[in-house]
Each structure stands twice: as structure tokens, then as C-alpha cells.
Amino acid sequence: MAGRKADLIAGVASIVVALLFGFQGRELSLASKIFPLVLEVFLVLMGAVLILRGLRGSKEQQGGQEQIDYTRAWLVVLASLVYVAAINYIGFYVSSFVFLTLLSWFLNDRGRNLPSLGISTLFGLLVTGALYATFWLFLKVPTPQGLLF
Amino acid sequence: MWEQIGAGLINALQPFNLFLAIAGLTGGIIIGALPGLTATMGVALMVPLTFAMDPASGLIMLGAIYSGAIYGGSNSAILINTPGTPSAVATTFDGWPMCRAGKADEALNTSLIASAFGGLVGTLFLLFLAAPLARLALKFGAPEFFWLCIFGLSTIAAMSTGNVFKGLVSGALGLLVSTIGLDPIEGVPRFTFGYYPLVQGIEVIPAMIGLFSFSQVINLVGSRQKYIADYKPNPGAFMRVVRKLWKDCKMILTRSSIIGTIVGILPGAGGEIASIIAYNESKRWDKNPSRYGTGIVEGLASSESANNATIGGSLIPMLCLGIPGSAVAAVMMGALLVHGITPGFKIFTDSGNLAYTFITSLLLVNVLMVLVGSILIKGTARVLNVPTSYIGVAVVALSIIGSYAIRNSMLDVMIMIFFGLVGYFGSRIGLDTGAMALGIILGPIAEENLAKSLALAGADGSVFKVFFTSPISLILIILTVLSVITSWLLSRRRGGDVKEAVESGRA
Amino acid sequence: MTGKRKLFTLLLAGIMVFLVAISAGCGQKQSGSSSSELNYPTKPVNMIIAFTAGGSSDVQARLMQKYWDKLVDQPWVFQYKPGAGGAIGFAEIARAKPDGYTIGGVNVPHIVLQPLGQNAQYSIDDFEYICQVVNDPQVLAVRKDSKFKSVKEVLDYAKENPGKLKVGIVGTFTGHHLMLLELQDKTGIKVTQVVYKGAADQNAALLGGEIDVMIGNVNDVMRSLEQMRILAVASEERSKFLPDVPTFKEEGIDIVSDIRRGFVVPKGTDPRVVQFLRDTFKKIAEDPEYLKDMEKAGQPAEYMSGEEFEKYVREQNEKARELLTKFGLLKS
């Protein structure tokens, strides 16, 4: 992404966030509003500076951006959301196992075949087992509960 | 006093106590390395076990867990760019670049030795200067805390040289987000956007896990890298690091440890603030500050020695005044009270045997930590030999359970994912996740102390008197101004370089 | 080839282990629900603590756990749900399935104040009350070298200098806040209220001279008696932890204010389970060993049965509603 475009987006984003918070907090008393209000004003000012800089063309150097495979990136986010939703229904350990196995199989570089599914299953069992051992057996820290466990 | 220290050392060296120290360290390091499991949680979970032990043994174990957990946070910070505890945020700045450059072994050993060093310095202060330092802690009121936060925030400007505007925007966004929840003055819900459960506020840890680790996973998986970083076991890294630290970092280690101890003494400020301040100070005094953040031993050594030094510091007011300097110290004080031991200046005379055993055992724990840590490092570094597809997926599972565990809230898990996306897209438009995390950490402390200071100013009838007359406040204000000016000069110098480069490129 | 085979076998083995684990889990669940007489508890019981691990509420519950384990086979699983001064955890208890497998620790007056002051998402009618176990009275404390030697001197100063006296409290909509309101209401003084996040920084602020007076709890100030003077305690009778300190009533001010800890289950829990819990907790609360542990931990134990505790909570609710209305702090 070019420096100019990045500046424009960052500037607009900070102004939008500031206005959102400002609108939400409009009915608060002065005492609880003062600190966020200062920040909102600051963000609007900084946002304006960034937008101006973006429009004028920025001299700022951008680090070399790596090539990103957006399908894979979004897949991780989507799978994580499904995973979190599943935790509520079928419990933490079962969904972790399924998530770890399937996603690591799907993402692995050796091709999606039976042996790699085997490795992924093993990996899923191993990590789920390690989580179970540390969180439940050793520390007794509760994990989210669902129908299964 | 020397006699008592000797007697304490003999007590601490008993086989059972040594065993407890080693077990506590191992458990502590694992807890610390797992994001979402904090030192406080680790110590609180083990307190019931100590009821059955004699008080000294119990304290030795808790002290070992505490030290291990604060050090352990650096492991995940270095290896997967995820601070295992909030006090390891500054460790990611140089630790992660070192790891990516294939110097994971150096980084892990640096953090281990620096942590042990910091821990020792903090404990020595506890041993010899507890009483005067406890009195110093009381001089630190709301205005001083407010300025300390501002000083901490000024590091944003220094952190993001060359990109100051976006650094400031990131910091301000973090601060603003931290105001979600109940406000600290009137207790009314703020910025819940119509969704009541948000009243619990944005907890630092899930936000941090999202910003650093979840966003990192998206990035790694998206970039199709086979491994997180090149890694070949590097025998002899330990000795090389020792020589390097001895040659170049004596000053840095000492200064950072002293900063850590002092910040640790203050109730309400802990390793997360100490390590950031220490990092920034090292950077500022360096001949070539722009090296910082590119993966250098010095940066890592500053943050890691500072956060372990806070341990000794936080125990000073706890033992002397009954005022814990950190959440962990508070839990440990509970354990003391159950054994019928009342903290106070008299603890060194009334329960001298116990007090000195505990303090000398902490010295021992820090020495043992080098041993236990260097064994564990050999295993943890192997994480880098696992292909990204597996590690990335495992980190997602860990991030989710870690954000849940901090207060058993699924909402925190969603917050973690949200901040993961913010971190991912934010860094693509040049926002600084470190600055944002800093804002989220310092926001509540800054606002609370600002509110208290204003209330005090109302009673005294003078804002000026409250904010600008105490010597500590003045020192902090001067330091803040210095920090901003130096980073401005720095960015001008660098900006000049860039301009020249661009122009010479054109010509 | 052999490598592939090995993996495949491992994979099969893994799936089988998994299936066995699942079926074992299901089997356990069914045996619990089928019997008709009270068969409770058959699995671990969740204990929700609305504050952080290691806090006073947690320490108290963990002390009780030691004795619960002696009487009942199934352990407690601690779940910490801190946030919003307890409101998050209390709401969690209220929303839990009323099957007896969720017990929660509650604090009075927090539990009545949050629905009144912060629109919290539960009401005091959402619970069955098991018992009260702690009554930790509020105290008024000053530094050892303070010019104030008695409550009267504090009040006189506050009357002559309205708004000048700096009083530290922990949190808003807490027992401390309520007591400060009550004190101002009953004596007509006007002070500057300075709100701290926890007892640690509040105590430090008092000792450092940032505030003149603070409202604390017996449990907290006991640790700092070397540096503090306790002027009065807001209980009916003198505290056994502080036998030399007069009560507010002795000083001529009719204030009784305290933090109480108790246990509840969600409304609609089987009455037989409630009865079982009430009996068990009573047994624990009267165990002399337990009382000794509580005293060591500086937790002022005071048992009250479930019925009395519920009545007390309702009384406090009315009292708090009145006070908050008077100061314009009522939200619903």
C-alpha cells in the first residue's frame, strides 16, 4: 500500500473513531467525559494532519510489504470465529481438537492427503492433550464449557 | 544482620526448599510463557498448597513462581512475538527481530541472564535498603503517578521515530479504547455502544494477545512462510551472550534494574511500565539510538532486567508497610497473614528469621533460574523448527484460551479477535501496535490519577500546587520534556538522512 | 510406505481414544440426572468469584473449600469473573442454570448498589440466599501522627472547612462510598472524596499524607496498625480485632456500615439442593478449626442463615436506595 493511501486511511479512521466515541459519550457528566474528550480532540487533529499529508503526498518511507495471500489470511480469521462459536456448543477441548486438526491440515505445505491428515490429527491430539494437562490437570483453570468437554 | 542473612541462606539451602524453588521456577516459567496465564494467577493458584507448609517454604515457592513467570513472559515474546505477560511488551521490540534474524538462541539467553541479573539487583535492594525505599514509595501520590504515566507515554514519540504522527495516533487510540467500561470517578458505564457486557472494560491481556499474536498469525499464514524464522541450535550462545553483556551492557543492566526496582515499589505500577521506561532510557542514552528495535541485545537486556527487578521492589512496601507493590505481592501478603505473620517495619526483627530466609531464597532463586531456564530454552527454541502452518494454528488456540482464562469471559475472546484484526490492518497502514498496547496499559492508570489529582486540587484550591510543586513531579516532567526533545532531534536527524538519500537518488 | 502405514495406525488409534473419551463423558452425565431422590452433587460444583484471584473474597472462599472437601465428595471449581466492581460476576451467577452446580460468592452492599447505580443486569430477586459468612465493618482511619485524635475532631474540622477534608475511599458504588454518603448525610459535613482503585494504593496515600482520613475495612487496616490510628469502627459492637477502638455509636453518630460476604445460587434451584447447601455451609461456618483459620487470615467471621441474609439484603437495598436518591445518584 502506498504511503499516501495509508496516511489517508489512518487519518480518516482516527477521525471516525474519535467521532464515534464522542457521539457515544455526549451525555456523560464532565468528570467522566474530560479524559476521553481530550483524546477525541487530539485524534481529530492528528487525523486531519494525516489526511493533509496524504493529500500532499507523503515522503515517509514504507517498509517493503510482503506479498500476502488474502485467501489464507481470511481463512484463519473465519476458522477462528467458527471455532469460538463452536466452543459454546461442543466445549473447548473437542472444538480445539477439530480446529487444530482441520486447519493445520488445510494450511500445510505438503498437500492435502491422507498422510498429512494423519500428522495433523496427531498434532491436534498432542496440542489438545497438552492444553488439557496444563489447564485442567495441573492448574485447574476452567475452560469454556459446552455439551461435550 | 549478616548473621541473619547467613542463617537465612542455610534455611533456604535445605533440600526441600531447593526442590520447591526449582519446581516453582519451572511452573512459573511455563505459566509466564503462556499468554493469558499471569504471574498473579500462578501465585494465587498455588497459595492453598502453601497452607500446609511452614511459612518459609511456602514463601520460597511463591517467590520462585513469581520470578519464573515474569521471566517466562519473554520466551513467547521472543519466539512468537506474543508477550506472555504484559511486562514483556517491550521485550518484543528487539526480541522478535532477533528471532527473525535467526538469533533466537542469543535472544533467549540474553533475556534469561538479564532477568536473573535484574532479579538479583531488586532483591539486594530489598535486603539492604527496604526501609528507606518503603518511605520513598509513600512520597508517590496521584500527581506523581499521573506524570509517571505521561513520561511512559512520551516513549511513544521516541519509539516511533520517523513516524511520529502515526505513533501518536496509535497511542491515543489505545488510551481512548481503555476508557470503555465503568469510569473511575463516578462509576457510570461509558462507551458500551449499547452492548451492556462491555461495561467490564477492555482487559489489557486479551487486547495485547490480539494486537501481537493473533495479528501475527494472520500475517504469517498469509505470507506463506514455511517457518517463523530460521533457527539452528547455536551451542555456545550462553557464553557469548555473557561476554557481550559484560562488555557492553553493564551500564544498561544496572540502570534498568534500578528503574525496575523503583517502579516496582510503587503500588499500581509494575513490570509493564518499568520495562518500557527502562527500554526507552537505554535507547535515549545510546550513541546510536536508531539501532533499537532492529534486534539488538541491549534493548532486550533493558526490558528484561527491569521487569524482573520489579519483583524485589514490589515486596519492599509489602513487607515493610503491609502495602503490596503489585497484585502478586498482594496475594503473597495474604499467604503471610494466614500464617499469622503481620507485615511492618518490625517484620525484620519480630519474624527476622522468616524474612531473611525469604529474601536470601529469592537471591538463590535468581541463580537457579539461570540453570532451569537454560535447560528449558533448549526445548522451547525447537518451536521454531515446527512449520508455520502448525505453529500458527496452535497459537490461535492458545490465544483463545489465554484471553478466556484471564477472567473467564467469552467476550474477552471476541475482543482478542477484534484487536487481532485491528493489529493486522493497523500495521498495514503504518499504525504502531506497540504504542497502542502502551496506551491501553497506561490509560486507566493515567485517568484515575488525573481524577484523583483534580479532586485533591479542588480541596487545596490550587491546580498548580498539586501538579507542579512536588520534587518528584518536577523530575518526571523534566524527564518527559527531555524524552520528547531528544526524539524530536533524532527524527530530524533521521529525516534529514532520508531526504538526502531521496535527493541523491534523484540526482 | 511403512512411514505412511505407521501414521495411519496412529491416526486410527487417536480417533479411537477420542471416541472412548467422548462416550465416557456422556455416560457420566446420564447417571447424574436419572435418579429421583436428591443425588447431589455428582460432579464438581462451579464457584463463581466476582473479584480477582487472591482478593479477600477469594481467600475466604478458599478457606471454606478446605472444609467443604471434608464434608462433600465433589470439589469446587473456581471461576473468577471480575469486572465492574463485581457486577459482571453477580450477573453471571444470576444467569447460570439453576441446577445447583453454580454457587457464587456475593458482597453486600455491592450486590444492591450496582443494580441501583449502574443499571447492572441482575436484581437481588435473582438469587436464593445460602448464608452470610463474613461481616467486615468499615473504619475511619488516620495516620499515626495525624492531628486528628477522634471522630469529633475530624467532624469539627470538616464543618469549619467545607470541602477541605480529603477522604479516601475505594471505588464508587461500594460500601466505602455508601458510608461516606451516610456520614455526610447524618452529620451535614461536606468533604472532598478521593476514589482509589484498591486498598493498597489507598493505604499508601494515607500514609504518604495525600489524604487526611480514609474509610477502610478491619481486614485491610489490621496490617498497618503500626502506622495508622483507627478512630472508630462502624459496627454495633466493638470489633474483636480492634478492642480499643470505639464504635461510631459510642461517638454519638448512628452509623453501622460494613461489607458482608455470603453465598447464593441462582433463583429456581431445587429447594432440596438449597437446603443441602444451607446445612453444609452452616456446618462449616460453625467448625472451630475454620473459625481459627478465618481469624488468622484477618477475616471477621459472622454466620447468618439464608433467610436472615436475604432479609438483610432487602433492608440494605431500601437504605441504599434512599441514600442514593438523596444524593442524586440513582439510575433506575
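The values are calculated or read from the model by the stated rules, or taken from the named source; none is laboratory data. Predicted model only: the values in this text are computed from it and were never measured. Cβ placement follows ideal geometry from the backbone for every residue including glycine, while neighbour counts extend to all protein chains displayed. Remember, those area values only see protein heavy atoms, side chains included, never the ligands or the DNA or RNA. Shrake-Rupley method; radii C 1.70, N 1.55, O 1.52, S 1.80 Å.
Summary table below
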{"item": "B:Ser223 closer than 27 Å to B:Glu106 by Cβ and over 26 Å from the mean Cα position of the chain (by Cα)", "result": "yes"}
{"item": "Members of the range B:192-206 that are more than 22 Å from the chain's Cα centre (by Cα) and in contact (Cβ under 8 Å) with a residue 24 or more places away in the chain", "result": "B:Pro197, B:Leu198, B:Gln200"}
{"item": "Long-range neighbours under 6 Å by Cβ, at least six apart or interchain, first residue within 10 Å of chain A (Cβ to nearest Cβ) within the range B:413-432, second open to solvent by 30 Å² or more (accessible area, probe 1.4 Å) and modelled with pLDDT of 90 or more", "result": "B:Ile429/A:Ile9"}
{"item": "Residues that are more than 7 Å from every other protein chain (Cβ to nearest Cβ), open to solvent by less than 10 Å² (accessible area, probe 1.4 Å) and in contact with a helix residue (DSSP H, G or I) (Cβ under 6 Å, 6 or more places away or on another chain), drawn from the range A:91-100", "result": "A:Ser95"}
{"item": "Options B:Ile156, B:Ile228, B:Ile150: the member that is away from every other protein chain (no Cβ under 11 Å), in contact with a Leu (Cβ under 8 Å, 6 or more places away or on another chain), in contact (Cβ under 8 Å) with a residue 12 or more places away in the chain and assigned to a loop (DSSP other than H, G, I, E, B)", "result": "B:Ile228"}
{"item": "B:Pro197 in contact with an Asp or Glu (Cβ under 7 Å, 6 or more places away or on another chain), within 14 Å of another protein chain (Cβ to nearest Cβ) and in a helix (DSSP H, G or I)", "result": "no"}
{"item": "Residue match in the range C:123-140 (condition: open to solvent by 10 Å² or more (accessible area, probe 1.4 Å), without any contact (Cβ under 8 Å) to a residue 60 or more places away in the chain and either not basic (Lys, Arg) or not assigned by TED's automatic domain parsing to the domain that holds C:Thr52 (or both))", "result": "yes"}
{"item": "Of all residues in the range C:252-285 being out of contact with any Leu (no Cβ under 8 Å at 6 or more places or on another chain) and of a type in the set (Asp, Glu), the one that is farthest from C:Gly216 (Cα to Cα)", "result": "C:Asp279"}
{"item": "Some residue of the range B:75-88 being among the polar types (S, T, N, Q), in contact with a Gly (Cβ under 6 Å, 6 or more places away or on another chain), over 24 Å from B:Asp432 (Cα atoms) and not in a loop (DSSP other than H, G, I, E, B)", "result": "no"}
{"item": "Verdict on B:Leu315 being away from chain C (no Cβ under 14 Å), modelled with pLDDT of 90 or more and either in contact with a helix residue (DSSP H, G or I) (Cβ under 6 Å, 6 or more places away or on another chain) or open to solvent by less than 10 Å² (accessible area, probe 1.4 Å) (or both)", "result": "no"}
{"item": "Qualifying residue in the range B:151-174 (condition: more than 26 Å from A:Ala48 (Cα to Cα), open to solvent by less than 30 Å² (accessible area, probe 1.4 Å) and over 21 Å from the mean Cα position of the chain (by Cα))", "result": "no"}
{"item": "Wholly within the range B:1-69, helices (runs of 4 or more DSSP H) carrying at least 3 residues that are away from every other protein chain (no Cβ under 14 Å)", "result": "B:2-12, B:15-33"}
{"item": "Candidate set from the range C:58-84 (those that are in a helix (DSSP H, G or I) and aliphatic (A, V, I, L, M)); member that is farthest from B:Pro184 (Cα to Cα)", "result": "C:Leu71"}
{"item": "Boolean, B:Pro189 is at the interface with another protein chain (Cβ under 9 Å from one of its Cβ atoms), without any contact (Cβ under 8 Å) to a residue 60 or more places away in the chain and either more than 26 Å from A:Val84 (Cβ to Cβ) or open to solvent by 20 Å² or more (accessible area, probe 1.4 Å) (or both)", "result": "yes"}
{"item": "Conditions (1) within 11 Å of the chain's Cα centre (by Cα); (2) within 25 Å of B:Ala335 (Cβ to Cβ); number of the one not met by C:Asn46", "result": "(1)"}
{"item": "Any hit, the range C:154-161, residues being open to solvent by 10 Å² or more (accessible area, probe 1.4 Å) and under 24 Å from C:Glu237 (Cβ atoms)", "result": "yes"}
{"item": "Qualifying positions in the range C:58-81 - touching a Gly at 6+ places or on another chain (Cβ under 9 Å) and open to solvent by 20 Å² or more (accessible area, probe 1.4 Å)", "result": "C:Val59, C:Tyr80"}
{"item": "Restricting the range A:12-58 to residues that are within 8 Å of another protein chain (Cβ to nearest Cβ) and more than 30 Å from B:Leu454 (Cα to Cα), the residue that is surrounded by the most Cβ atoms within 10 Å (Cβ to Cβ)", "result": "A:Leu50"}
{"item": "Filter result (in a helix (DSSP H, G or I) and open to solvent by 30 Å² or more (accessible area, probe 1.4 Å)) within the range C:280-311", "result": "C:Lys282, C:Lys283, C:Pro288, C:Glu289, C:Leu291, C:Lys292, C:Glu295, C:Lys296, C:Glu307, C:Glu308, C:Glu310, C:Lys311"}
{"item": "Out of C:Ala141, C:Ala87, sole residue that is of a type in the set (Gly, Ala, Ser), farther than 17 Å from C:Asp58 by Cα and outside any loop (DSSP other than H, G, I, E, B)", "result": "C:Ala141"}
{"item": "Some residue of the range B:451-459 being without any contact (Cβ under 8 Å) to a residue 24 or more places away in the chain, more than 7 Å from every other protein chain (Cβ to nearest Cβ) and either over 29 Å from B:Ser170 (Cα atoms) or open to solvent by 20 Å² or more (accessible area, probe 1.4 Å) (or both)", "result": "yes"}
{"item": "Sole exception among (1) touching a helix residue (DSSP H, G or I) at 6+ places or on another chain (Cβ under 7 Å); (2) over 27 Å from C:Thr192 (Cβ atoms); (3) polar (S, T, N, Q) for B:Asn163, by number", "result": "(1)"}
{"item": "Exclusive hit being within 14 Å of chain C (Cβ to nearest Cβ) and open to solvent by 10 Å² or more (accessible area, probe 1.4 Å), set B:Leu133, B:Leu124", "result": "B:Leu133"}
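Rundown of residues vs (1) more than 18 Å from B:Val395 (Cβ to Cβ); (2) small (Gly, Ala, Ser); (3) more than 9 Å from chain C (Cβ to nearest Cβ); (4) not in a helix (DSSP H, G or I), yes/no style:
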| position | (1), (2), (3), (4) |
| --- | --- |
| A:Val84 | no, no, yes, no |
| A:Asn88 | yes, no, yes, no |
| A:Leu103 | no, no, yes, no |
| A:Arg110 | yes, no, yes, yes |
| A:Gly118 | yes, yes, no, no |
| A:Leu126 | no, no, yes, no |
| A:Leu131 | no, no, yes, no |
| A:Trp136 | yes, no, yes, no |
| A:Pro142 | yes, no, no, yes |
